[in-house]
Amino acid sequence: MSNSTYTRSYKKGEVIFKEGDVGDCAYLVDNGRVEIQVDNLDGSTPVAFLGVGDIFGEMSIIDGADRSATAVALEDCELVEVSKEQLNERIEDADPVVRFLLSILLNRIRENLKDSKDPTRTNLPAEAISTNVINLGDFKTNVDVVEKIKLEKSLKNALDSNEFRVHYQPIVDLKTNSVSGFEALMRWNNPDRGMVRPDIFMGIAEETSLIVPIGHWIIKKTFRDFAKLKQNLKAANIIDQKLFLSINIAAKQFNDPHLFEVLNQTAKYYGLKPKEIKLEITERVLLAGSFVFDWITKARKKGYSVALDDFGTGYSSLSYLANLEVNNIKIDKSFVDKMSRDKKSLSIVKSIIHMSKDLGLSVIAEGVERREEWEALRGLGCTFVQGYYYSKPLPMAEIYDMLTGVEKKKAA
C-alpha cells in the first residue's frame with residue numbers, strides 16, 4: 001500500500017476488481033498499466049489497455065450497477081482512488097443535458113460489453129434495453145431534457161425566421177413623473193409553441209454561445225427602434241425629450257470580441273450617442289473575475305453608462321462597489337415586492353438607496369406594481385422606477401403613443 005490514503009499499489013497480475021463486484025470507487029492510473037477484461041463463452045477477453053492518466057471503474061459508481069468487467073494490473077502500478085461522492089457531486093452540478101447524454105453513453109457502453117461477452121448476441125432495439133437506462137437525477141426525467149434540446153434547436157432557427165420581438169418598459173423619473181428611458185426586453189413568438197417565456201429561452205441562450213448572435217441582433221434592432229422613436233418625436237415637435245435605452249448584457253457576452261465594435265458601429269449608423277445607451281449587467285457576473293471590472297471600465301471610457309442589475313441577489317461583496325465604475329444600481333423586484341409588508345426588505349431597500357447616493361450612483365427600482373411601493377420609493381429618495389404600476393413592456397409604436405399623449409398613463 002502507498003502512504004497516501006487515496007493511492008493504492010498493485011503488483012503485476014493482481015486483480016483490482018472482478019466483474020460482478022460492487023463498485024465503491026473509480027481509479028485513475030498514476031503509474032503503470034491496467035488491463036480491462038470481460039468474461040465470455042471462451043474465457044476472459046481483453047477489451048482495453050489503460051495507462052497513466054486513464055480512469056476506469058467509473059460506470060459502477062455513477063449508475064450503481066455491479067462491475068461489468070474485470071481490471072487486472074498489467075505491471076506494478078499506482079492507482080488514485082476517485083470516490084463516489086467526488087464523481088456524483090460533479091454530475092449533480094452538471095447541466096441536465098450533459099447528465100442525460102452521459103446516461104445514454106453509459107448504457108451504450110454496457111450494451112457493447114454484453115455483445116463482447118456473447119458473440120451470439122445481436123444488436124437489440126432501443127425499446128428492448130430501456131430498462132437499463134439509468135437515472136442521473138430527478139428531472140421528470142429524460143422528457144424535460146429532450147425538450148430542452150429541441151427548444152435550443154428552435155432557438156437557433158428563430159433569428160433566421162424573424163421570430164423575435166422587442167418590447168420596451170418605461171423607466172420613470174420619480175421627481176418629474178416623466179419617462180426617462182426604456183429597458184429593452186426580448187419576446188419570442190414561436191409558430192409551434194406560441195409565446196415562449198423569456199426566462200426559459202434567454203436562460204438557454206445564455207447557457208450557450210447563442211447569446212452572442214442574439215445579442216448582436218438585439219443591439220441592431222433596439223438601436224434602430226430607438227433612433228426611429230427620436231425622429232418621430234422630433235417630427236411631433238417634442239424635441240426636449242432626453243431619453244436613454246437600456247439593453248441587457250449576459251455573462252458570455254463579456255468574452256465577445258466584437259461586442260463593442262457592433263455597439264459603436266450600430267450607434268454611429270443610427271446617429272445615436274453612447275451616453276444615450278445603458279448597458280445592464282447582473283450583480284452575479286462580478287463573481288466571474290477581474291476581467292469584468294476591466295470590461296466595465298472599457299464601456300465607460302467609450303461613453304456608455306453601466307447599470308448593475310438585480311442588486312442584492314448576487315451574493316457579491318459590498319467591497320466591490322468601491323471599485324466599480326457603474327452609473328446605476330437596480331434594486332431587484334424581490335425586495336420591492338416585500339417592502340410594504342416586511343421590515344427587513346424595507347431596510348435593505350432603504351440601505352441600498354442611501355448607500356448608492358453616498359457613492360454618487362442613481363437607483364432604479366424594478367417591479368413596482370402598486371401605488372404604495374411607488375410612494376414609499378419616492379419618500380426614500382429613489383431616482384427611477386419601472387414596473388407594471390406605470391406600464392407593462394410595450395412595442396415601440398405604443399411607446400410613441402404614450403410619449404405624445406395619445407395614450408394617457410397614470411400620474412403619480
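Computed from the coordinates by the stated procedures, all read-outs in this text should not be read as laboratory data. Worth saying up front: this structure is predicted, and the values here are computed from it rather than measured. FYI the Cβ positions are ideal-geometry reconstructions off the backbone, even for glycines, and counts take in every protein chain you see.
Taking each residue as 0.36 nm, the span from residue 175 to residue 347 lengthens on full extension beyond its C-alpha to C-alpha distance by 59.7 nm.
Extension gain for residue 209 to residue 228 (0.36 nm times residue separation, less C-alpha to C-alpha distance): 3.8 nm.
Quick check of the Kirkwood formula: for segment 37-78, what is the inverse mean of 1/r over all pairs of different Cα atoms, in Å?
For segment 37-78, the Kirkwood estimate is 11.8 Å.
The distance linking segment 37-57 with segment 208-262 is 58 Å (Cα centroid to Cα centroid, whole angstrom). Once you put a point 7 Å from the Cα of residue 65 and another 7 Å from the Cα of residue 298, both along the Cβ direction, what distance in nm separates them? A separation of 4.8 nm, rounded to one decimal place. Net charge dipole, segment 163-403: roughly 520 debye, given to the nearest 20, about the Cα centre with Cβ charges of +1 for Lys and Arg and -1 for Asp and Glu. Computed from the C-beta positions of residue 242 and residue 157, the FRET efficiency with R₀ = 30 Å rounds to 0.15.
Label positions at residue 320 and residue 193, each projected 7 Å from the Cα along the C-beta direction, are separated by 2.9 nm. Compared with the direct C-alpha span, the chain from residue 261 to residue 397 gains 46.1 nm at full extension, assuming 0.36 nm per residue. Across segment 163-403, Cα pairs under 8 Å and at least six residues apart give a relative contact order of 21 percent.
Using a simple spin-label model with pseudo-atoms 7 Å out from Cα toward Cβ, residue 334 and residue 83 lie 3.1 nm apart. Could you list the trypsin sites (Lys or Arg not before Pro) in segment 230-293 that lie in coil according to DSSP, counting only those with at most 13 other Cβ atoms within 10 Å of their Cβ? Those that pass, being in a loop and sparsely packed, are 242.
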